[in-house]
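As structure tokens, the structure follows; a few thoughts come after it.
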Amino acid sequence: MNTLKLTYFDFPGGRAEPARLALHLGGIAFEDHRFPFADFAEVRKTTPLRQVPTLHINGVQVTQSDAITRYAGRLAGLYPEDALQALLCDEVLGALEDINVKLGATFGLTGEALESARKALVTGALPLYLKWLETQLEQHGGEYLVDQRLTVADLKAFVVLRWLVSGKLDHIPADLLDTLAPKLTAYLQRIAATPAIAQYYASL
């Protein structure tokens, strides 16, 4: 059995969270190494690309969050085996990462600059991506994004959408999904109510 150590910030979200969820849901043993933001300057010195998350597999360090998520998904049986469904899963993961990158570009901004950048996202990129995601959901049965079952595409969508409507992002309305892509609101609630996911967050 491989020895796994996942390293990321100590909060329930972000780029490591889909892999955390996949490993927990799959019953895969791993060290969930979390560190405070204050330690990031030191932690990043130990990583290949000066960023997290990283995953150590038998002592070998791997970077890139979507690659880690796919690996965790394969271990947990939450990544499609069919080539086409795997492609569709990767498409969703990539689009969700686009959202992460676009939002990430606004961090560090303050005042009017932050407000302007976030409002531009609310009227531009976010409607485009959220409506596309809603269409993907509808075209693939309405329950899950790909493969007619829970996959890491759903886990990452859950993490990103949950963040968007958390009310913790200044100038990003908490009712964004209700307004732009209401079927994603019901989808988010359904994924959150998945027993293993609900139990995971109840235990934190």
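Restricting to lysine pairs 8 or more places apart or on different chains, what number in the chain have Cα atoms under 20 Å apart?
For the chain, qualifying lysine pairs total 12.
What ranking do 116-125, 17-26, 69-78 get when scored by the average of other Cβ atoms within 10 Å per residue, highest first? Before the final figure, lay out each step's value.
Details: 116-125: 14.3, 17-26: 24.2, 69-78: 22.1.
So the peptides 116-125, 17-26, 69-78, ranked by packing, come out 17-26, 69-78, 116-125.
Explain nothing, just compute: Karplus ³J(HN,Hα) = 6.51 cos²θ - 1.76 cosθ + 1.60, θ = phi - 60°, for every residue of the range 70-80 in order, whole Hz, x for Gly and Pro.
Coupling constants for the range 70-80: 5, 4, 4, x, 5, 4, 8, x, 10, 10, x Hz.
Taking the Cβ-Cβ separation of residue 178 and residue 107 as r and a Förster radius of 30 Å, what is the calculated FRET efficiency to the nearest 0.05?
Here the calculated transfer efficiency is 0.75.
Which cross-chain or sequence-distant (5 or more) residues have an amide H under 5 Å from the amide H of residue 62, H modelled 1.01 Å from N in plane?
The list, which skips near neighbours in sequence, is 55, 56, 57.
Restricting to the range 4-76, what percent of DSSP beta bridges are antiparallel, rounded to 5?
60
With a cut-off of 14 Å, note down the residues of the range 1-37 whose backbone N falls inside the zone around a label point 7 Å from the Cα of residue 61 toward its beta carbon.
Output list for this probe position: 5-8.
Can you tell me the length gained on complete extension of the stretch residue 82 to residue 11, counting 0.36 nm per residue apart and subtracting the Cα distance?
Working: separation 71, 0.36 × 71 = 25.56 nm, distance 3.32 nm.
Value of the extension gain: 22.2 nm.
Identify, among 30, 49, 7, the residue whose Cα sits farthest towards the positive end of the charge dipole of the range 4-76, taking +1 on the Cβ of Lys and Arg and -1 on the Cβ of Asp and Glu, with the dipole about the Cα centre.
49
For a label point 7 angstrom out from the Cα of residue 196 toward its Cβ, which stretches of the range 70-96 have the backbone nitrogen within less than 16 Å?
Taking a point 7 Å out along Cα→Cβ of residue 196, the residues of the range 70-96 whose backbone N falls under 16 Å are 70-81.
Specify whether the C-alpha gyration tensor of the chain places it in the rounded, prolate or oblate class, a ≥ b ≥ c being the square roots of the eigenvalues: rounded for a/c under 1.5, otherwise prolate if a/b is larger than b/c and oblate if not.
oblate
Readers should treat all values here as calculations from the given coordinates under stated rules, not as data from a laboratory. Fair warning: this is a prediction, and the values are worked out from it, not measured in the lab. Every residue, glycine among them, receives a Cβ derived from its backbone with ideal geometry; neighbour counts consider all protein chains shown.
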